[in-house]
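Reviewing the structure listed below.
No lab work stands behind these numbers, since they all come straight from the coordinates. Keep in mind that this is a model prediction, so the values were computed, not measured. Counting neighbours? That spans all protein chains shown, and the Cβs are built from the backbone with ideal geometry, glycine included.
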2 protein chains.
Amino acid sequence: MDSNDFREFGKAMIDYIADYMENIRNRDVLPSVTPGYLENQIPKETPVEGDNWKDVLHDVEKLIMPGVTHWHSPHFHAYYPTSQSYPSIVGEMLSAGIGCVGFSWMASPACTELEVITMNWLGKLLGLPEQFLNCSEGPGGGVIQGSASESTLVALLAAKERVVRLVKQNNPSLSEGDIKGKLVAYTSDQANSSVEKSGILASIPMIHLPSDNNGSLRGDILREAIRKDKEAGLIPCYVVANLGTTGTCAFDNLEELGVVCNEEEVWLHVDAAYAGAAFVCPEYRHLMKGVELCDSFTFNPHKWMLVNFDCSALWVKDARYLVEAFNVDRIYLQHQHEGNAPDYRHWQIPLGRRFRALKLWFVLRIYGTEGIRQHIRHHINLAKHFEQLVHNDARFEVLTSSLGLICFRLQGEDSLTKELLEKITANKKLYLIPCYTQQKYVIRFVVCSRITTNEDINCSWAEIVSQANTIVPYPTDKSSIMQEPKKQDYLNLSKYNEPSVNVNEKSK
Amino acid sequence: MDSNDFREFGKAMIDYIADYMENIRNRDVLPSVTPGYLENQIPKETPVEGDNWKDVLHDVEKLIMPGVTHWHSPHFHAYYPTSQSYPSIVGEMLSAGIGCVGFSWMASPACTELEVITMNWLGKLLGLPEQFLNCSEGPGGGVIQGSASESTLVALLAAKERVVRLVKQNNPSLSEGDIKGKLVAYTSDQANSSVEKSGILASIPMIHLPSDNNGSLRGDILREAIRKDKEAGLIPCYVVANLGTTGTCAFDNLEELGVVCNEEEVWLHVDAAYAGAAFVCPEYRHLMKGVELCDSFTFNPHKWMLVNFDCSALWVKDARYLVEAFNVDRIYLQHQHEGNAPDYRHWQIPLGRRFRALKLWFVLRIYGTEGIRQHIRHHINLAKHFEQLVHNDARFEVLTSSLGLICFRLQGEDSLTKELLEKITANKKLYLIPCYTQQKYVIRFVVCSRITTNEDINCSWAEIVSQANTIVPYPTDKSSIMQEPKKQDYLNLSKYNEPSVNVNEKSK
């Protein structure tokens, strides 16, 4: 393919993506395929002679799209959002076009330097303490990782490095193996699976401590666990606090945990993968009170802050522990400017790294602080609107409500809500997933797509009500229902092809 | 930014990338900046109101490009290639546009299924034994990882899982901690730094065994090391064989190592990050003789096979060890189709994953088997052409030559070659890096860019000769020089703006 063909193919793909987003409401959010659907439609081997790009693009619509779960449909309410935005897509394109591998400053200075700068911008945008930023005097700094899983693991490995050194100083007779065999880490029973996985990968037991009734891990629980484990001869080394748990978006008590960790010289890592984006709005920063007590902090701009996956932001108070945990230098990696700029390969698991700062820079510049805040506030308002709709139907109850996530259920036995979710999923118009909270089975409703409007929320709710009506009859006493679902909203999804004005869709 | 702005911005970026590649020979391959160059040219904070995309694109050329090391310039000969191709860039765009997170089949069936299929295509293209493929009857299969570093670590963790289980079966009294404290792994002294790093991350000593005069690790060396370590009470668990070492592209004796590993029940992992792409050409497959004896095999299509970073292909003979090492399931990750298709989140370190199979599929389809083979053969021919140029100048010697990599030096003391490399680097027209082989300091010359032509190689050689002339005078006895460097080639780089016909640039 020469550059003229690329100009044609690339521009056709731009139009394909724009058309996809403009018409995404026409597609069922869940695909209708069963495992193995693709195998029989695709040859068994690479073609000998190359195919024309037009045939490939045709097959994208014919073969790939029927098997796609549409994460950016306004009717996708599962998991948490993953970001996609136009500035970010163009940033990814440029990153692929330049195609550099920024494992050292010299391997592409702009790749390292733009990351240093955008991580400073981002830290300030969230109101993080100065000591976490690259622009501070101290050894702190920020770096882009691929995922919160990696951030959690990287911080764990740095914590391990620190504790081994600390214990060896005080007990020179202990071998590194002896120390590593006694290490133990903690998180709450609400932590994401990736936190447990980081413990498995690093061969450190990750203890799940009980959260309180609000899903929050408290300081006294941690203090007691550390005391008992120390008595048993173990060495506590790492705590992962969750700001915005996966199940219900609950917040651990960071201030209490921070005091305990600082007293006990245990590394405190904050996983704010989803909720961290809310801290761009000053009115939500109280949720990270105590952040100055932690050693590392991660949140994913690729979740709720309009930057495409992969972009997980990690800041550490003292980057020297990372560098010492990961540094394995070779002559072919040395260069004359070493020491003047961070060589980010020592801050991460892989050697290679893409120019991911570009998409972050594009999003920050083109949306601006106000555009990003509007996006977050708009989503939280949409969630509140949904919560009100649930409240207005007496058959339902809301169990938790936090930022863009509402956990709700049908009153009564869990089986009713399970049946409801099964029916919704089978109909493929909405994607929702369950969790347990307060010993009850609930459905999580998350506002995910950046193009979601009030009408979209009404439409999603109408589908939920429509399925609920087949399980719990619609009360004849209308007084218990403050707002009747608009059935036509659900039946005629296509009327939403023309999205109404959306505050975060400013034309630039 | 609305979709109309995106259509404009995206198409402008397509033209920018095409222009960049068409004119890349006009840019010095190495940037002229010093650390911190960007900081003073960029504001300290995110703009409050968003910027216009045209200003951002303008700043890309003004601020970013001066700090870019141009990995796709035909005069970039450092490290190994990293891939960039037009079909792959468009594949990345689509992946960003769909923006799904394929951590389970249900999270986007096409994402999992296309990966299964393209990994089968790719395995067949390389001539891998059937048992490594997803389409085989057994528990083998392939998966896309982010980097060879991750592939090596993932295989190491699976090996650890296997050996712990094996040892516990035979010695039920041993604790998991006891076993893990005795584990040991091996590789050659020529292995990439990422292999050592995988040992550090997994807390398993990675022993560097001496390679022979050809840079190849032999079976008897490994056998003896395992014998001694077992005598000392250690438990050998993992060997990384290198097919195409980083320094000189040497090949370990896979057949000998395989026999030893199979006898000793030690997991054998093959790191063919760069050289693996050559196996698409049947004439190079003898270099992986013995591959059927290994447990896992990785190579990076993102190095030399036209797929943009990140795309590291990993195949394992028995995927159950991966799944068991990594599985930490939660209710929110369960779905009704579980068990019928691989849930790739259990095959990797992170939970999330991009739709990377798209770019691989685009490259395989649009280049086809023959297009990819032509690309590999063309690069190897260019390297042979360069080798001939070096041979023809009696001041130089070639120490090793393997696939697209030639290691050469000035005859005599190392200091001469060091001075030569310093001068070349200071002039910024070429990027080359050194290594040591056969106790000598050599310059590695790698054919990297997919658009490289014979004329480009002549031009790079002319620059090397031009700098060498200032160190070792050009012999007056012309008989020792078979070909005089064409100085004008070097002085007038811009004449190469119009690349001559390139076999791997077929217009589709």
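Among A:VAL56, B:HIS77, B:ASN4, whose Cα sits farthest toward the positive end of the charge dipole of the protein assembly as shown (+1 at Cβ of Lys/Arg, -1 at Cβ of Asp/Glu, about the Cα centre)?
Most positive-ward Cα: B:ASN4.
Per-residue Cβ counts within 10 Å, from other chains only, averaged over B:35-44: what number is that?
Per residue, the number of nearby Cβ atoms from other chains is 5 on average.
Note the direction-averaged projected area, equal to a quarter of the hull surface, for the Cα convex hull of region A:175-272, in nm².
With the hull built on Cα positions only, its mean projection is 5.8 nm².
What is the Cα coordinate range of chain B on the first, second and third principal axes, sorted by size from largest, in whole angstrom?
Cα spread of chain B along its principal axes, largest to smallest: 76, 62, 47 Å.
Please give the average number of partner chain Cβ atoms lying within 10 Å of the Cβ of each residue in B:305-316, rounded to a whole number.
Per residue, the average neighbour count from other chains is 2.
In vacuo Debye scattering of region A:159-224, one point per C-alpha: log10 I(q)/I(0) at q = 0.20, 0.23 Å⁻¹?
For the requested q values the scattering log ratios are -0.85, -0.97.
Given the -39500 (n - 2.57) contribution per DSSP H run of 4+ residues, what per-residue ellipticity at 222 nm results for chain A, rounded to the nearest 500 deg cm²/dmol? Please list the in-between numbers first.
Details: 15 runs with 199 residues, N = 508.
Helices in chain A give a 222 nm mean residue ellipticity of -12500 deg cm²/dmol.
Which aspartates and glutamates have a Cα less than 12 Å from the Cα of A:LYS289, not counting those fewer than 8 places away in the same chain?
Cross-link targets: A:ASP252, A:GLU255, A:GLU256.
Is the shape of region A:145-340 rounded, prolate or oblate, going by the alpha carbon gyration tensor and its root eigenvalues a ≥ b ≥ c, with a/c under 1.5 for rounded and a/b larger than b/c for prolate?
Oblate, since a/c reaches 1.5 and b/c is not below a/b.
Using a simple spin-label model with points 7 Å from Cα along the Cα→Cβ vector, what separation in nm is obtained for B:THR34 and B:THR470?
Result: 1.9 nm between the two label points.
Based on Cβ point charges of +1 for Lys and Arg and -1 for Asp and Glu, what charge dipole magnitude is obtained for region A:133-263 about its Cα centre, in debye rounded to the nearest 20?
For this selection, approximately 420 debye.
Around A:PRO129, what is the net charge, scoring Lys/Arg as +1 and Asp/Glu as -1 over all other residues with Cβ under 11 Å from its Cβ?
Result for the local shell: 0.
What relative contact order, as a whole-number percentage, does region B:145-340 give when Cα pairs under 8 Å and 6 or more residues apart are counted?
23 percent
Using every alpha carbon pair in region B:410-450, what percent of pairs falls into each 10 Å bin from 0 up to the bin containing the largest distance?
28, 52, 18, 1
Under 26 Å between C-alpha atoms is the cut-off here; go through region B:298-450 and count lysine pairs that meet it, provided they're at least eight residues apart or on different chains.
Lysine pairs meeting the criterion: 17.
What number, in percent, do you get for the relative contact order of chain B if the mean sequence gap of Cα pairs under 8 Å and at least 6 apart is divided by its residue count?
21 percent
What does region B:219-267 give for Rg and for Dmax, in Å, if only its C-alpha atoms count?
Considering region B:219-267 through its Cα atoms, Rg and Dmax are 11.7, 35 Å.
At 10 °C and 1.306 mPa s, what whole-number value in µm²/s does Stokes-Einstein give for the translational diffusion of the protein assembly as shown, with Rh from the Kirkwood sum over Cα pairs?
For the chosen part, D equals 54 µm²/s.
What does the net charge come to around B:ALA325 if you take all other residues with beta carbon closer than 11 Å to its beta carbon, with K and R at +1 and D and E at -1?
Residues near B:ALA325 contribute +3 overall.
Taking region A:60-128, how much of its Cα-Cα pair set, in percent, is spaced more than 13 angstrom apart?
Value for region A:60-128 (Cα pairs over 13 Å): 78 percent.
Please compute the Kirkwood hydrodynamic radius over region B:3-68, one decimal place, Å, based on all pairs of different Cα atoms. Mind showing how you got there, number by number?
On the way: mean 1/r = 0.0723 Å⁻¹.
Result for region B:3-68, one decimal place: 13.8 Å.
Taking region B:1-83, which trypsin sites (Lys or Arg not before Pro) meet the DSSP loop condition and have no more than 12 other C-beta atoms within 10 Å? All intermediate terms of the calculation are to be shown ahead of the outcome.
Working: sites: B:ARG7, B:LYS11, B:ARG25, B:ARG27, B:LYS44, B:LYS54, B:LYS62; in loops: B:ARG27, B:LYS44.
In loop regions of region B:1-83 (DSSP not H, G, I, E or B), the sparsely surrounded trypsin sites (Lys or Arg not before Pro) are B:LYS44.
Looking at chain B only, what percent of DSSP beta bridges run antiparallel? Nearest 5 please.
So the antiparallel bridges amount to about 60 percent of the total.
Based on other C-beta atoms within 10 Å, arrange B:TYR274, A:TYR431 from fewest to most. Please list the in-between numbers first.
Details: B:TYR274 27, A:TYR431 23.
Ordered from fewest to most neighbouring Cβ atoms within 10 Å, B:TYR274, A:TYR431 come out as A:TYR431, B:TYR274.
Charges on Cβ only, +1 for Lys and Arg, -1 for Asp and Glu, centred on the Cα centroid of the protein assembly as shown; of A:PRO434, B:ILE372, B:LEU174, which one is farthest towards the dipole's positive end?
B:ILE372
Less than 9 Å Cβ to Cβ from B:ASP15, Lys/Arg counted +1 and Asp/Glu -1: what total charge do the surrounding residues give? Numbers along the way, then the final one.
Working: positive: A:ARG7, A:LYS11, B:LYS11; negative: B:ASP19.
Residues close to B:ASP15 contribute a combined charge of +2.
By the gyration tensor of its Cα atoms, with a ≥ b ≥ c the square roots of the eigenvalues, what is the shape of region B:347-399: rounded for a/c under 1.5, prolate for a/b over b/c, or oblate?
Oblate, since a/c reaches 1.5 and b/c is not below a/b.
What's the average, rounded to a whole number, of partner chain beta-carbon atoms within 10 Å of each residue's beta-carbon in B:201-212?
2
Give the separation of the Cα centroids, region A:55-69 to region B:226-290, in Å.
39 Å
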